[in-house]
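The values are calculated or read from the model by the stated rules, or taken from the named source; none is laboratory data. Only a predicted model underlies this, so the values are computations on that prediction, with no experimental measurement involved. Cβ atoms come from the backbone with ideal geometry, glycine included; neighbour counts cover every protein chain shown. Accessible surface areas use protein heavy atoms only, side chains included; no ligands, DNA or RNA. Shrake-Rupley method; radii C 1.70, N 1.55, O 1.52, S 1.80 Å.
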Amino acid sequence: MKKLLAALSFLFLVSCGGGGGTSGGSNNPGSRISVAISPTSASADVGSTVEFTATVSGTTNTAVTWQVNGAAGGSSTVGTISSTGSYVAPAMVPNPANVTVTAVSNADTNRTASASVTIHPRISISPASATVAAGATWQFSATVTGTTNTGVNWQVNGVAGGNATVGTISASGLYTAPASPPATGKVTVTAVASADTSKKSSATVTDVFSRATLNGSYSFRVEGDDTNGPFFAVGSFQADGNGNITKGLEDLNYGNGWNPSLAFTGSYAVNADGRGTMTFTSASIPSTLLNMRLVVISNSRARFIQFDAHANGEGLVLKRDSSAFSATAIGGNFSFGSDGLGSSGNTAVIAGRFTLDGAVRITAGHQDENEAGSVKSDVTFTGIYTVDTANGRGTATLNTAGATTNFVFHIVSADTLFMVESDYPFPAAIVTARRQQATSFSNASLNGDYAFMIQGIDSMASIATAGRFTSNGLGALSSGVLDMNDAGSVTEDASFTGTAFIALNGRGTVTFATSAVGTLHLTLYMVSSDEGFFVQTDSLGAAGGILLAQHDVPFSTTSATGSYGFLIFTINSDTDTAGQASLDGGGALAGTEDQNDFGTLTKDDPINGTVSISSEGRGVASVTTSAGTTELRFYVTSDSRLLVIQADASAVGFGNIEKQY
């Protein structure tokens with residue numbers, strides 16, 4: 001028995017390795033060694049470096065040998081690696097483009113760790129940035145190394161070949177700037193390697209205005225005063241994109257009489273900031289509309305002031321759509337706003353609506369008029385109209401129960417008409433008519449947040465008001481606030497409530513009830529749920545204006561960021577100011593303006609100031625020029641416009657600040 005136990009004990013000791021082996025029962029001392037590599041994958045452009053590290057555990061010998069695709073130290077084809085793990089990609093992309101970097105344990109060459117490296121070609125673009133004027137070109141080049149396929153594909157803001165909004169780029173890298181700077185004023189031009197679309201290189205382009213921005217057919221409206229009294233004019237012209245104006249045609253109601261179909265030519269220039277000059281030249285035009293300073297908002301829109309010592313005036317230019325040059329194309333329902341002189345020669349404001357039958361008849365006309373406090377409510381009219389299909393010029397005759405009035409109009413589009421009254425000497429007025437965007441209206445049409453601007457003459461002289469309110473779509477107005485400058489008496493941030501009733505044809509009656517300035521009574525003619533024309537129906541004076549939606553409540557100072565063009569008319573001093581300002585979104589503004597202070601001309605005047613905007617879109621701005629500091633109050637609308645009044649005791653003014661980009 002003892003012999004049997006001794007034999008079993010011997011066999012047991014042999015099967016356990018004698019008790020001196022590594023854990024796990026292996027006879028190989030290296031079985032406890034492990035290797036880790038970092039990073040485990042990487043991408044590298046040709047010629048670039050990737051640093052690898054290897055961690056060896058389970059042994060005191062932590063040294064490794066580095067390989068690329070199994071070759072110690074690599075090679076020029078797959079890339080080289082140093083004894084410290086510094087990998088240098090090859091000069092050309094290998095085939096395949098993936099290589100394997102391996103760390104081999106010196107303590108046990110069976111213990112390894114590997115990482116995958118993808119090799120890419122290298123691409124660069126030149127120049128890295130550029131400033132390009134509207135319509136101008138800029139040549140970019142791209143260099144691709146590390147592959148035999150050096151071709152690239154070009155993009156602008158991620159769009160292959162670009163487009164009209166951001167600019168286009170050819171297969172050879174020739175970039176052509178758009179007619180108007182895009183939303184941010186900058187675009188990104190990108191070259192994408194054909195051999196490897198993950199490899200791109202980009203340049204930043206700053207697009208600016210130029211004379212090429214104005215290119216095509218345009219309509220305009222302008223009103224002002226000179227030594228002979230007020231004047232009102234509408235017309236059209238062709239801008240060639242190179243500074244020349246041709247095919248000019250103007251209809252002018254002026255102190256010396258009615259002047260129809262005046263032909264003119266001219267010239268223009270546009271600076272990088274959108275400011276510029278414009279001149280009309282004609283032996284036929286009286287000296288009322290010759291030299292202008294303009295500010296371009298976009299390829300389709302600009303504002304201008306007259307810049308002559310003998311007169312001042314302010315106007316609007318809109319791009320025309322020649323497809324609307326027919327009686328049929330403009331058929332439909334329109335709302336309109338008008339200002340000028342009434343039948344008694346006093347300041348008059350009118351708002352209304354009418355229907356064009358698409359052939360010759362004007363029907364369903366309604367208008368409300370305030371001439372120096374004498375109010376005529378809901379006057380009906382009919383009439384006839386004609387259109388010259390060659391040039392988009394038309395005529396209209398309106399008949400009310402007590403009078404006949406005549407107009408000439410120039411078609412901007414199927415949705416917009418510029419009209420001037422052709423009666424002389426009175427009444428004389430200028431009109432903007434806008435197509436109604438709904439076939440019927442109700443209280444529900446006025447629903448949401450709105451900003452407004454109203455200006456004119458009251459018993460104290462000049463008056464300008466801007467504000468905002470919220471309508472519940474049921475006839476109740478709340479959260480109203482307004483700023484008013486009544487002959488230098490400034491009322492700020494006055495709260496109000498109100499009521500509104502909107503009829504089927506878009507005509508509405510509106511009241512603003514304030515403790516600060518009393519109750520304002522107005523008639524509103526709606527264009528759409530976003531737009532309308534006002535006429536004030538109080539007997540203290542004649543005032544009118546516009547209504548625009550606010551869709552982006554709440555607002556903040558950052559709501560007005562970017563480059564803006566502006567035009568402000570100071571009523572009590574016949575002063576017109578136009579210019580450009582950049583708002584940084586942090587409360588600072590800077591820019592340049594041109595001003596005609598009834599014959600005193602100031603050009604290229606630097607401006608700077610501060611601005612803040614409340615949550616309901618009410619803005620406060622202080623603007624300093626060479627002449628001093630002006631206080632402005634404005635309200636933000638959803639079409640990138642700020643409706644503004646001057647809040648100075650010495651200056652009653654109003655205007656528009658419009659976003660360029």
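In table form, for the structure just shown:
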{"item": "Convex hull volume of the stretch 171-277 per residue (C-alpha atoms, cubic angstrom)", "result": "125 Å³"}
{"item": "Table column - 3J(HN,Hα) (Hz), the stretch 335-345, Karplus curve with 6.51, -1.76, 1.60, x for Gly and Pro", "result": "10, 8, x, 9, 9, x, 10, x, 5, 9, x"}
{"item": "³J(HN,Hα), Karplus 6.51/-1.76/1.60, whole Hz, each residue of the stretch 312-329, x for Gly, Pro", "result": "9, x, 9, x, 10, 10, 10, 6, 9, 10, 5, 5, 9, 7, 7, 5, 5, 5"}
{"item": "Under-5 Å amide H pairs with Thr575, H placed in peptide plane, nonlocal only", "result": "Thr570"}
{"item": "Alpha carbon centroid spacing (whole Å) that separates the stretch 260-276 from the stretch 484-532", "result": "37 Å"}
{"item": "Binned Cα-Cα distances of the chain, short to long, each 10 Å bin given as a whole percent", "result": "3, 13, 19, 19, 12, 7, 7, 6, 5, 3, 2, 1, 1, 0, 0"}
{"item": "Using alpha-carbon coordinates, inclination of helix 2-15 to the longest axis of the chain, degrees", "result": "40 degrees"}
{"item": "Per residue accessible area of the chain, 1.4 Å probe, in Å²", "result": "40 Å²"}
{"item": "Cβ-derived FRET efficiency at R0 41 Å, Thr118 paired with Ser573, nearest 0.05", "result": "0.05"}
{"item": "Residues in the stretch 573-617 reached by a label modelled at Ala272 [backbone nitrogen below 20 Å; 7 Å Cα→Cβ]", "result": "579-584, 589-594, 604-608"}
{"item": "The stretch 449-589, Cα convex hull volume normalised per residue, Å³", "result": "125 Å³"}
{"item": "Signed unit charges on C-beta, dipole axis of the chain, positive-most listed residue Phe52, Asn291, Phe452", "result": "Phe52"}
{"item": "Whole-Hz couplings from phi, Karplus 6.51/-1.76/1.60, listed for the stretch 302-309; x for Gly and Pro", "result": "8, 10, 8, 10, 6, 10, 10, 5"}
{"item": "Gain in span if fully extended, Ser489 to Asn242, counting 0.36 nm per residue against the direct Cα distance", "result": "84.2 nm"}
{"item": "Cβ-derived FRET efficiency at R0 56 Å, Thr281 paired with Ser478, nearest 0.05", "result": "0.55"}
{"item": "Accessible surface of the chain [probe 1.4 Å, protein heavy atoms]: carbon and sulfur percent", "result": "52 percent"}
{"item": "Long pairs among Lys319/Lys659; Lys186/Lys603; Lys186/Lys659, criterion Cα-Cα beyond 21 Å", "result": "Lys186/Lys603"}
{"item": "Residue-averaged 222 nm ellipticity for the chain, from DSSP H runs of 4+ at -39500 (n - 2.57), nearest 500", "result": "-500 deg cm²/dmol"}
